[in-house]
Amino acid sequence: MAPPPHLSAPARAPTYALVGNPNCGKSTLFNALTGLKQKVGNYPGVTVEKKIGTTYSQHGQPITVIDLPGAYSLAARSPDEAVTRDVLLGRRSDTPPPDRILCIVDATNLERNLYLVHQILDLGRPVILVLNMMDLAAQAGLNVRVARLEKELGLPVIPCEAVTGKGLMELRLTMSRSDLPLARHAWNVPTPIAPAVSELASSLVEHDHKLPLTARAEALLLLTDQDSVRVAGSSPLSPRTTEILQGWQQRWAAEGTDWAGTLVNSRYDAIGELAAEVVQRVGVAGPSTSDRIDAVVTHPVWGWLVLGGVMTLLFVSIFTLAQGPMDWIGDHMAMLADGVKAQMPPGDLRGLITDGAIGGVGSIVTFLPQILILFCFIGLLESTGYMARAAFIMDRLMSRVGLNGKSFIPLLSSYACAIPGIMATRTIEDHKDRLVTILVAPLMSCSARLPVYLLMIAALLPGDLMPLGAKVGLMLLMYALGTLGAFGFAWFFKRTLLKGAPPMMIMELPPYRLPGLRDVALQMLERSWIFLRRAGTVILAISIVLWFLAAYPKAPDGATPTQQLAQSFAGQAGHLIEPVIRPLGFDWQIGIGLISSFAAREVFVSTLGVVFNAETTNDNTAPLRTALLAARWPDGRRLFTPLVCVTLMIFYVFAMQCMSTIAVVKRETNGWKWPLFQTLYMTGTAWILSFIFYQAGTALGF
């Protein structure tokens, strides 16, 4: 006898959607399944990350896995959850509905995680349930009866520890099956609501052309949260379906029936009965390991000391652990440039290669070790579960500026890059809070500012006269300045442009776990590749263009390098803005760097490499730091004095100087109003504060 149609093997390689609550280990499982075979982008129309990977069946057949954003429910309250819902319901034309679904749940919080699973089972698709963090569940004294859960739901249930890889082989074997069954969804819709669900489902099939398998799920969503089907990615309801929905709602309102609450409570009742059947407590007395750690790291006093210690360790590592690799990269870049000079006669082509390409790109690539350390720390904080604690600690402070701890996670992510930080605001439910967080996120000092800070700190004093403690302290000061600026403007915006009361924060604190070193390594590899790709494309192109602008038009024979640069296209642009930046202590050469860094902040470093390499008078490629220390005003005064170096850092703390961020804000806010406002207020603040600092320092004799 032939198997039923839904049990037959798919004609093509199956596509799995990986879904789960936030902090359930979904990304760890995705990385464990797909490794380096991933493509990362954004869903068209929204700044929600789209991750697609490839794993292989037991017979070597490729299996596509789509990592959907974390969600607590299909009744979406944020753009993140809306994308997950729309992909599963087949509403997005850019992403076909998945054939099968991998539901990953946190075994330590099974009852809460099963709500999303319960909704997904309504979709009528083959589902595999993955019980992650089984080791942590055992430590918490929980015994999950896997066989009983599998029997009750009628679907494969795989116990797993995604961090260690335990259970992955069994999961791959199950994913390879061609006969995945449909779950037995033992949930009865409450009697007063059932006729409405049936009538709405029929109308959705007939008038809205929904698939029969998903029509019931959509009807339940309509009754749980009417607005959940009317966001980006979904089409409006047909007049007939709207009439049916409103008719039932008016009837229930007259009867005093809370239809949405009845449905939600009925689900939770069914889930509670199931959880009572399959989860047993084995009597662990006393607080858990996570509770004991939290007693310290979330303490009103000790928690701040821990957070300060973590940040100090980060910056000490940036200055110490990265120094050796940085020196190695710098030496080899210099050797490469000197090798080219030894093999080529003097001329424009040699200058293009050594000063434009190698000098520009090399000055940026040198900072790769420090950026890798930054991403390593952020990855470890996320992987261990400490990131949520940092948000919890910051909640009281955030509430004073009109936000809550949820806004701190996007701000903390902005230390790495403002773009993912702005994307992370999609988890913030309140529109005004989300917009305020977007407006202030670029004030957090991102990794692109790190090369600027490090170069200016290196140029403060000749030789190695500045002690390590002073370097770390100055770096911490820049990060603190940006953070205080973000909080200050958030306070101002919440009381003027975007008035609103600070929302209550309800946030899950995930259990502590050993860091997923594989995940952290993959993140570092991905970010380093993005950094190197930018250095090899955007920054290389800008460096070459800048070299051309600094080398042409040619000065008369006998002109000095300074005269050549001054009359070049780049010099003319620098002279054009010099009256504006001169009160900040900047000359036209620094102005060239300010203009070019609108493409990306780190381009400022490569620009100075090109500009000041043009002034070298011998064939040796001098380190950029040495060239800056030697730079002079026409009257012989030192250009990069300690006062100017710190002023430049302050300017870059507050200035926008990033076209990519502006583009993302434009997409996120659906217009140019807020990105233009953001650019103006940030750049204006940067100029004013830099002016005050430089002029005050000059008056005091610095």
Give a residue-ordered list of calculated ³J(HN,Hα) values for the stretch 81-98 (Karplus: 6.51 cos²θ - 1.76 cosθ + 1.60, θ = phi - 60°; whole Hz; x for Gly, Pro). 5, 5, 5, 4, 4, 5, 5, 5, 8, x, 8, 9, 5, 7, 9, x, x, x
Any idea how far the Cα center of the stretch 563-582 sits from the one of the stretch 483-497, in Å? 36
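Can you tell me what share of the DSSP beta bridges in the stretch 5-175 is antiparallel? A percent to the nearest 5 is fine.
Details: 12 of 30 bridges.
Antiparallel bridges make up about 40 percent of those DSSP assigns within the stretch 5-175.
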Diffing the stretch 145-157: the Karplus 3J(HN,Hα) column from phi (6.51, -1.76, 1.60, θ = phi - 60°), in whole Hz with x for Gly and Pro, holds 7, 4, 4, 5, 4, 4, 5, 5, 8, x, 9, x, 10
21 Å tail of the calculated P(r), the stretch 89-202, as % of Cα pairs: 45
So what are the ³J(HN,Hα) numbers for the stretch 545-553, from phi and the Karplus equation (6.51, -1.76, 1.60; θ = phi - 60°), rounded to whole Hz, Gly and Pro as x? 4, 5, 4, 4, 5, 7, 9, 10, x
What dipole magnitude, in Debye to the nearest 20, does the chain give about its Cα centre under +1 on Lys/Arg Cβ and -1 on Asp/Glu Cβ? 380
Could you work out how far helix 450-459 tilts from the main Cα principal axis of the chain, as a 0 to 90 degree angle to the nearest 10? 30
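When DSSP assigns beta bridges and you keep just the ones with both residues in the chain, what percent turn out antiparallel, to the nearest 5?
Values: 16 of 34 bridges.
About 45 percent, rounded to the nearest 5.
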I need the shape label for the stretch 194-281. Rule: rounded when a/c is under 1.5, else prolate if a/b > b/c, else oblate, with a, b, c from the alpha carbon gyration tensor. prolate
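Give me the net charge of residue 585's neighbourhood, meaning all other residues with Cβ under 13 Å from the Cβ of residue 585; Lys, Arg count +1, Asp, Glu -1. Could you put the intermediate results ahead of the total?
Working: positive: 582, 637, 638; negative: 578, 587.
Result for the local shell: +1.
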Stretchable slack from residue 638 to residue 311, in nm (0.36 nm times residue separation minus alpha-carbon distance): 114.4 nm
Taking neighbour counts of Cβ atoms within 10 Å as a proxy for exposure, in what order, fewest first, do 649, 475 appear? 475, 649
Using only the alpha-carbon atoms, how far is helix 431-440 inclined from the longest principal axis of the chain? Give it as 0 to 90 degrees, nearest 10. 20
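Quick one: grab the alpha carbon gyration tensor of the stretch 299-429, order the square roots of its eigenvalues as a ≥ b ≥ c, and give me rounded if a/c is under 1.5, else prolate or oblate depending on whether a/b is larger than b/c. All intermediate terms of the calculation are to be shown ahead of the outcome.
Numbers: a/c = 4.37, a/b = 2.45, b/c = 1.78.
In terms of gyration-tensor shape, prolate.
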Considering only the other residues whose Cβ falls under 9 Å of the Cβ of residue 187, what net charge follows from Lys and Arg at +1 and Asp and Glu at -1? 0
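Run the numbers on the stretch 194-281 and let me know its relative contact order in percent, using alpha-carbon pairs under 8 Å that are six or more apart. Could the numbers behind the result be given before it?
Details: 53 pairs, mean separation 23.9, N = 88.
So the answer I get is 27 percent.
Based on other C-beta atoms within 10 Å, arrange 332, 118, 431 from fewest to most. If you can, show how the numbers build up before the last one.
Working: 332 13, 118 20, 431 10.
Placing the least packed residue first, the sequence is 431, 332, 118.
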Which residues' amide hydrogens lie under 5 Å from the amide hydrogen of residue 656, considering only partners 5 or more residues apart or on another chain, with H built in the peptide plane? 683
Shape verdict for the stretch 5-175, please, from the Cα gyration tensor: rounded (a/c under 1.5), prolate (a/b greater than b/c) or oblate. rounded
Residues 612, 548, 489 in order from fewest to most other beta-carbon atoms within 10 Å are 548, 489, 612
What percent does the relative contact order of the chain come to when contacts are Cα pairs within less than 8 Å and at least six residues apart? 11
20 Å binning of all Cα-Cα separations within the chain, expressed as whole percents from 0 upward: 16, 43, 29, 11, 1
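Every number here is computed from the coordinates shown, using simple stated rules; none is lab data. Keep in mind that what you see is a predicted model, and the values were worked out from it rather than measured. Please note: Cβ atoms are built from the backbone with ideal geometry, for glycine as well, and neighbour counts cover all protein chains shown.
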